[in-house]
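**Q** The structure is given below, and queries will be raised subsequently.
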Amino acid sequence: MNKQQCISQTEIIHISSSAMATRKTFFMILIALLVSILVAVPTRAQSIGVCYGMLGNDLPPPTAVVNLYRSNGIGRMRLYDPNQTALRALRNSNIQLIMDVPRTELQSLASNPSAAANWVQANVVAFWPSVSFRYIAVGNELIPGDAAAQYVLPAMRNVQTALSSAGLQVINKNLVPCMISVVVRLQFNCELMKALSQNQIKVSTAVDTGVLGQSFPPSNGAFSAAAQAYLAPILQFLRGNNAPLLFNVYPYFSYKADNPQISLDYALFTANRRVVQDGQFGYQNLFDAQVDAVYAALEKARANVSWCRRAGGRRPEDSQRVLTTRGRTTKI
């Protein structure tokens, strides 16, 4: 299994065709792989999602895959491209979807707003609202080294404009009286703000630890100069649109790279002790350490993350207020 087959997002783990054979096998692989989970800071517990990878042969049809998700209570999916058969199978399933814009289409969408509008019409509007789109991921792990990285932000802007023009970036009018009530009372209601954004399809991009120039200890996390050149305007765009930065986390691959400082139990969440101590913060697993390294990098990049709480690097007195970020999306 290679990295492209395992990329995951928003509590998502890739399941191969062999893993779909039986429910028992499915759960065994779901637990065993523990690969590439994408991070978020939630206001409450989130549902599990699974990446729908299609790199293989003898794969089950999309209708069978969607039925497998539903029968196992999997409420979120990631598609790496707008596969039309899969999108049709997702209709009325209530499965929340992250859908990628493939690398091969980025240059066209970046340079031509009409191409972005046509893409949104064909792949989003044609299926909305019966398909529950949550995020459009414009490019996956292209920053900083891929030649297509230059097209990520322009394509994000054009896709955002196309979604807005299609009416998919608007507030639910039924919630306006409630919003006015909150404003009058001078209260900030996180659940209301979440509800107000539920009808909005967010535009983002996905990165991995390759954007970090420094990651150890986690508090020293910082973007590389090459990544910062791309991410600085992207973070500004995301902040302005209240959208998350999507971060693919690969603790097992870090172990597999034969790093002598990384033990298997530290990579696979099974360590029963603090393996890394970073000042007041201690870490029992590599996932939390990598997540906090990204938080630190975001802070150094002056992204608006002051409201975020760190994941694994917690003090005992923080146990009731620190939100675990395992498998969700880092929001800036």
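Each value in this text was obtained by applying a stated rule to the coordinates, not by laboratory testing. Please read all numbers here as calculations on a predicted model, not as lab measurements. Cβ sites come from the backbone with ideal geometry, for glycine too, and all protein chains shown count toward neighbours.
**Q** On full extension of the chain, what length is gained from T85 through A225, given 0.36 nm per residue of separation minus the C-alpha to C-alpha distance?
**A** Going from the current span to full extension adds 46.3 nm.
**Q** Using a simple spin-label model with points 7 Å from Cα along the Cα→Cβ vector, what separation in nm is obtained for S164 and D265?
**A** Spacing of the two 7 Å Cα→Cβ label points: 5.2 nm.
**Q** In which sequence would L238, L87 go, from the one with the fewest C-beta neighbours within 10 Å to the one with the most?
**A** L87, L238
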